[in-house]
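Novice: Below you will find the structure I want to go over with you.
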Amino acid sequence: MNTEFTLRSNGFDLSTAQNRIGRLQPNHPNEPIESLRNSLKTQGYLWLKGILPRDEVLALRARYFERMAETGIVDARSSHQDGLYSGKRDTSGRGTHLLMEFVRTAAFEAFCFHPIIWQFYEKLMSGDVYLHKRKIVRHTYPGEEKTTDAHYDLIYLRGGTDSVLSSWIPLGDIPLEMGGLVYLEGADAFGRKMEADFSARAVDLSPAERIAAYNKHMSASGGIGKDLAALADRYDTRWLVADYEAGDMVIHTAYMIHAATQNNSRDNRMRLSTDIRYQRIRDEIDARWVNHWSMEDML
Ligand SMILES: O=C(O)CCC(=O)C(=O)O
């Protein structure tokens, strides 16, 4: 695949390995539910184009950067919806405080409980659903080298059902160059195999260690790797990339390996997204996720 700009992640270049890059396949949210279930099962993800009202997503983006403005990270000449980076990081810690406040606001929670979202999950999972209270919002700066390394979500959610599903929602347009989520093609199967190996080796661990992402059999970050091209070589597969738009939502299984690439916005736009998790109410819930996200929760 030909990308005109560099795709980087944690200092490693992915774009030089063109044969290791492919395109994510979109799904129409109104496809028959059986066909969507089938896509999720075979691909490990669903990219639901335009499932959410774009204006509501953009309003949440504007609200976020309006709240963050006092830290000085937002270019004062831009609108909050644009969310252009001022070039100045927040070193006071105030930004973290505001982020923790934001994920607890009724406005943000109401967005995560959007009827379109929970009703979609009810159909997909054929029953009543539960939204995990621990919900994450991430903004990334243009040029920021550190990105989310490759992982599958069950690593951090082993205390509950493996049928939990994650929604990654771009809060604003996130074209390829802005470093949205990338998926390792066919990786639901690799994640399942990896987890089975970890479980087999975890017999010597205490129950708490067994569910920990940072037990002695895992890497320091709990992740699988930072060099995405090397990982694609190892599995002889490709990273699937996409131009996401406000209104899209991607869903992935707990075993699907994914990562993020660097935000190389040419317009200096900050990337904003949220990741939240739904599951069937009757399945086991990971007790570590029943509280709001905090910097001390070590998950
Ligand atoms: O947005 C990111 O950088 C990572 C998100 C993620 O890992 C997820 O949605 O599970």
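Novice: Of the numbered conditions (1) within 16 Å of the ligand (Cβ to nearest atom); (2) outside any loop (DSSP other than H, G, I, E, B); (3) open to solvent by 60 Å² or more (accessible area, probe 1.4 Å), GLU145 fails exactly one; give the number of that condition.
Specialist: The one condition GLU145 does not meet is (2).
Novice: Kindly provide the set of residues from region 271-289 that are closer than 17 Å to PHE102 by Cα and of a type outside the set (Gly, Ala, Ser), ordered by number.
Specialist: ARG271, LEU272, THR274, ASP275, ILE276, listed by residue number.
Novice: Of everything in region 9-29, what is of a type in the set (S, T, N, Q), loosely packed, with under 14 Cβ neighbours inside 10 Å and within 23 Å of the chain's Cα centre (by Cα)? Give them in sequence order.
Specialist: Scanning region 9-29 gives a single hit, GLN25.
Novice: Taking region 150-175 as the region of interest, how many residues are farther than 20 Å from ILE117 by Cβ, aliphatic (A, V, I, L, M) and at pLDDT 95 or above?
Specialist: Here the count works out to 2.
Novice: Identify all residues within region 150-172 that are in a loop (DSSP other than H, G, I, E, B) and either within 9 Å of the ligand (Cβ to nearest atom) or among the hydrophobic types (A, V, I, L, M, F, W, C) (or both); write none if there are none.
Specialist: TYR152, LEU157, VAL164, LEU171
Novice: Sticking with this one: Do you know which residues across region 81-98 are among the hydroxyl-bearing types (Ser, Thr, Tyr), touching a helix residue (DSSP H, G or I) at 6+ places or on another chain (Cβ under 8 Å) and not in a loop (DSSP other than H, G, I, E, B)?
Specialist: Result: no residue meets the conditions.
Novice: If I filter region 131-142 down to residues being away from the ligand (no atom under 11 Å from the Cβ) and in contact with a helix residue (DSSP H, G or I) (Cβ under 9 Å, 6 or more places away or on another chain), which single residue comes out as most open to solvent (accessible area, probe 1.4 Å)?
Specialist: Among residues in region 131-142 that are away from the ligand (no atom under 11 Å from the Cβ) and in contact with a helix residue (DSSP H, G or I) (Cβ under 9 Å, 6 or more places away or on another chain), the one most open to solvent (accessible area, probe 1.4 Å) is LYS133.
Novice: From MET178, MET194, which residue is surrounded by 24 or more Cβ atoms within 10 Å (Cβ to Cβ), out of contact with any Cys (no Cβ under 9 Å at 6 or more places or on another chain), in contact (Cβ under 8 Å) with a residue 24 or more places away in the chain and not polar (S, T, N, Q)?
Specialist: Result of the check over MET178, MET194: MET178.
Novice: Can I ask one more? Taking only region 242-299 into account, find how many residues are more than 12 Å from the ligand (Cβ to nearest atom), part of a strand (DSSP E or B), under 17 Å from the mean Cα position of the chain (by Cα) and within 19 Å of HIS139 (Cβ to Cβ).
Specialist: The number of residues fulfilling the criteria is 2.
The values are calculated or read from the model by the stated rules, or taken from the named source; none is laboratory data. Source: prediction; values computed, not measured. Note that each Cβ is placed from the backbone with ideal geometry, even for glycine, and that neighbours are counted across all protein chains shown. Keep in mind that these areas ignore ligands, DNA and RNA; they rest on the heavy atoms of the full protein, side chains included. Shrake-Rupley method; radii C 1.70, N 1.55, O 1.52, S 1.80 Å.
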